Amino acid sequence: MSWSAPPPIPATPSLPGTVRTARTLWVLSFLAGLTVLAGSFVARDSNLHRLRAVVADTAARNGMASAGTAAEIVFWGSMGALLLATLLEAVALAAVLARRAWARWVLLTLLASHLPVLLLASVFLVPTGAAGSYVVMLWVAGMALAFGGLVLLFLPTAGAWLRRGRSLG
């Protein structure tokens with residue numbers, strides 16, 4: 001036994017305030033997006049009914065036969081694309097919290113690609129009336145929170161924390 005032996009588990013420094021706040025903003029963004037997806041799933045019958053009418057109108061003009069199947073493909077495809085974007089962002093955020101500096105750039109790319117997916121899905125998932133305005137407000141809030149969290153991850157204190165993680169490992 002020796003008094004100079006290193007500790008068996010290296011101490012991990014705590015998260016700086018900017019990274020903690022960024023993590024909170026991203027989690028709130030995920031919750032806003034998942035709330036919309038859950039609401040769309042619960043109201044899927046009315047959404048599918050509305051989509052069937054839209055697709056049937058388009059199908060009548062183009063001579064398509066199965067409007068119901070097309071509406072379901074559009075609905076579930078939109079839901080899947082939004083869920084995939086959210087899951088990929090969550091994985092990239094986990095990589096940032098594991099002190100991988102490159103993951104910030106992945107988050108930037110994912111957030112930039114999430115916006116067109118969101119705009120495309122909004123055509124199919126946003127109902128008419130007041131319910132539609134709540135969906136749009138949640139999506140705007142989610143994107144704003146995610147953008148705020150991303151900005152915080154690029155601040156100098158977060159960068160210094162990430163660089164210290166590289167020199168420790």
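The values are calculated or read from the model by the stated rules, or taken from the named source; none is laboratory data. Just so it is clear, the model here is predicted, and its values are computed rather than measured. Neighbour counts run over all protein chains shown; Cβ positions are idealised from the backbone, glycine included. We work out accessible area using only protein heavy atoms, side chains counted, and drop any ligands, DNA or RNA first. Shrake-Rupley method; radii C 1.70, N 1.55, O 1.52, S 1.80 Å.
Count charges around GLY149 for me, please; just the other residues with Cβ under 15 Å from its Cβ, Lys/Arg as +1, Asp/Glu as -1.
Combined, the nearby Lys, Arg, Asp and Glu give +2.
Which whole-angstrom value gives the distance between the alpha carbon centres of segment 12-53 and segment 86-121?
The two parts, judged by their Cα centres, are 13 Å apart.
Among HIS114, HIS49, what's the order by accessible area (1.4 angstrom probe), most exposed first?
Values: HIS114 20, HIS49 130 Å².
I get HIS49, HIS114, largest accessible area first.
State the Kirkwood hydrodynamic radius of the chain in Å, one decimal place, computed from all pairs of distinct Cα atoms.
18.3 Å
Would you list MET79, MET137 from the most to the least accessible area, probe 1.4 Å?
MET137, MET79
With a cut-off of at most 10 other beta carbons within 10 Å, and DSSP calling the residue loop, which trypsin sites (Lys or Arg not before Pro) in segment 120-169 qualify? Please list them.
Answer in residue order: no site qualifies.
How large is the dipole of the chain about the Cα centre if only Lys and Arg carry +1 and Asp and Glu carry -1, each at its Cβ, rounded to the nearest 20 debye?
About 620 debye.
Given the protein chains as shown and a 1.4 Å probe, how many square angstrom of SER14 are accessible, to the nearest 10?
For SER14, solvent-accessible area is about 90 Å².
Under the rule of -39500 (n - 2.57) per DSSP H run of 4 or more residues, summed and divided by the residues of the chain, what mean residue ellipticity at 222 nm is obtained, to the nearest 500 deg cm²/dmol?
That comes out to -28500 deg cm²/dmol.
Work out the charge dipole of segment 31-125 with +1 on the Cβ of Lys and Arg and -1 on the Cβ of Asp and Glu about the Cα centre, then indicate which of SER122, ALA70, LEU82 is farthest towards its positive end.
Ranked along the dipole, the leading option is LEU82.
DSSP H helices in the chain with Cα extent of 15 Å or more along the helix axis and mean Kyte-Doolittle hydropathy at least 0.5? Could the numbers behind the result be given before it?
On the way: long enough: 17-42 (37 Å, 1.20); 44-62 (26 Å, -0.71); 67-97 (45 Å, 1.72); 102-125 (34 Å, 1.73); 130-153 (35 Å, 1.95); 156-168 (18 Å, -0.55).
Span-like helices in the chain: 17-42, 67-97, 102-125, 130-153.
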